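Trainee: If you scroll down you'll find the structure; I have some questions about it.
The values are calculated or read from the model by the stated rules, or taken from the named source; none is laboratory data. What you see is a predicted model; the values in this text were computed from it and never measured. Cβ placement follows ideal geometry from the backbone for every residue including glycine, while neighbour counts extend to all protein chains displayed. These area figures cover heavy atoms from the full protein model, side chains too; ligands, DNA and RNA do not enter into them. Shrake-Rupley method; radii C 1.70, N 1.55, O 1.52, S 1.80 Å.
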Amino acid sequence: MMQILDTNKENKIWPIFRLGFRVFFLGGALFSAGAMLLWALSLSDFAVLPGVKNPIWWHAHEMLFGFALAIVAGFVTTAMQNWTGVPGIKSWPLAVVAGLWLLPRLLMPLRGELNGLVIALDLLWLPIVAGMLAQPILKTKQWRNLFFVPLFVFFTLLNALSYYAAVSDNWLLSERVFITTVLALSALITVMGGRVFPFFTARATQTPKIEPIVWLEKLSLVSIWISALAWLLLPRTPAANALLALLLAVTAIAHLVRLSRWNYKVTTKVPLLWILYLGYFFIPLGLLALAAALLKMGISVSLASHWLTAGALGAVILGMIARVSLGHSGRPLEITRIMVVAFAFIILAALLRSLLPMIAPMMTMQAYHSSAACWIIAYGLFCWVYWPILTKPRADGHPG
């Protein structure tokens, strides 16, 4: 691809602000480990969130809008440069938007989720990212990637609605918004998974790339996006719940079939691949769990959602940031044993949080704490290994 960056200008930029993946991957991973530690301490009645009125709201909100969307922002702002050939967001504009992301994260434990300054700051950064994404797309007329712009606007609206629910002390609305956000993030994983998982697999294992089946792709993707919107908009009547449960079950089956076609058997010796496939597998499991929760089959919505959050989001995000950070820093796509250990811990965190309370309800609190500990270890190991990678110039001397 034609060189689109000026090396001399790049060398004057602090490395962590040379592309979005650097600051948002490292910042998001550090924040997730720290936030999970605060959550575990809060569960043990330590006063570590003095300004927060509802610690459960804080935990759900910050892991979604603080952690997961930071990673998404880092990935998309970086990928957009490759997709469009237009230099990505960097230098002081990237530092500003990263600061707008970070400030609410730091202020909320002290000032609380009802503080006007916290709310105002937190509702700024996602629309700014949307605007920055729109510019190269409009310039190059790559309309295929335009959907990321309204997607970030949608997440902004969900974020605003979550604050409205907090201010009005409406937990049912909060839960509706958070599960919608979880489903939308899961849907985004399925979109990006379809784009890159078969490609990653073919390249790493020297096997033929699996070509998509058009009708299966449409069924899988359309159904999961409709599921997210339906969760937000449908009334909570028995008939509506049954209809939504059916939709979730169909969506789950479609994604199981989709995943089964992606030549997963050749990934067992490639950690950067099997972590992605295992993470994706949690998506249909989570969809089925949510369907069971709607039908009151002995599982709560909160527990069901953690198959998607602790499972799919936790594992896929860790696998993707481990891989993307190597590729975009000019390093071979080879991870150390430490990162394999991190992958094992994130899968263990998911199973402890989602499965253990189902099979041993009396151990629910132990599940919370042990899962949090595994998450902290997994993302802590990532930060330890990738700090020098993300804060230093590319290994190959190229800009970025």
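Trainee: On a straight-distance basis, which lysines could pair with Lys90 in a cross-link, Cα separation under 21 angstrom, same-chain partners fewer than 8 positions away excluded?
Mentor: Answer for Lys90, where 21 Å is the Cα cut-off: Lys9, Lys12, Lys139, Lys392, listed by chain and number.
Trainee: Here is a further query. Run the reach check for Lys265 against lysines, Cα to Cα strictly under 23 Å, same-chain hits fewer than 8 apart removed. What comes back?
Mentor: Output for Lys265: Lys209.
Trainee: How far apart, in nm, are two points set 7 Å out from the Cα along the Cα-to-Cβ line at Thr336 and at Lys9?
Mentor: About 3.5 nm, to one decimal.
Trainee: Go ahead and run the numbers for FRET between Val214 and Trp384, Cβ-Cβ distance against an R0 of 51 Å, rounding to 0.05.
Mentor: That gives a FRET efficiency of 0.75.
Trainee: Ok, one more. Mind checking the alpha-carbon convex hull of segment 306-400 and giving the volume per residue in Å³?
Mentor: 80 Å³
Trainee: In what sequence, largest accessible area first, do His306, His255, His398 appear using a 1.4 Å probe?
Mentor: His398, His306, His255
Trainee: Which percent of Cα-Cα pairs in segment 176-230 sits in each 10 Å bin, short to long?
Mentor: Percent of pairs per bin, in order: 23, 41, 25, 9, 1.
Trainee: When Lys and Arg each count +1 and Asp and Glu each count -1, what net charge do the other residues less than 14 Å away from Leu244, Cβ to Cβ, add up to?
Mentor: +3
Trainee: Let me ask something else about it. Taking K and R as +1 and D and E as -1, what net charge do the other residues with C-beta under 11 Å from the C-beta of Arg22 add up to?
Mentor: +4
Trainee: Fully extended, how many nm does the chain gain between Asp45 and Thr140 (0.36 nm per residue separation, minus their Cα-Cα distance)?
Mentor: Result: 28.9 nm gained on full extension.
Trainee: Rounded to the nearest 500 deg cm²/dmol, what is the calculated helix-only ellipticity per residue at 222 nm for the chain, with -39500 (n - 2.57) per DSSP H run of length n ≥ 4?
Mentor: After summing the helix terms and dividing by residue count, I get -24000 deg cm²/dmol.
Trainee: Shifting gears a bit: How large is the Kirkwood hydrodynamic radius of the chain, in angstrom, based on all distinct alpha carbon pairs?
Mentor: Final number for the Kirkwood radius of the chain is 21.5 Å.
Trainee: Counting just the Cα atoms, what span does segment 353-400 cover along each of its three principal axes? Round to the nearest Å and put the largest first.
Mentor: Result, largest extent first: 55, 14, 10 Å.
Trainee: Considering only protein heavy atoms and a 1.4 Å probe, what is the carbon-and-sulfur percentage of the accessible area of the chain?
Mentor: Of the solvent-accessible surface of the chain, carbon and sulfur hold 70 percent.
Trainee: Along Cα→Cβ, 7 Å out, is where each label goes; now give me the distance between the ones at Val301 and Met362 in nm to one decimal.
Mentor: A separation of 3.0 nm, rounded to one decimal place.
Trainee: Near Lys53, which aspartates and glutamates are there with a Cα under 12 Å away, not counting those fewer than 8 places off in the same chain?
Mentor: Glu113, Asp169
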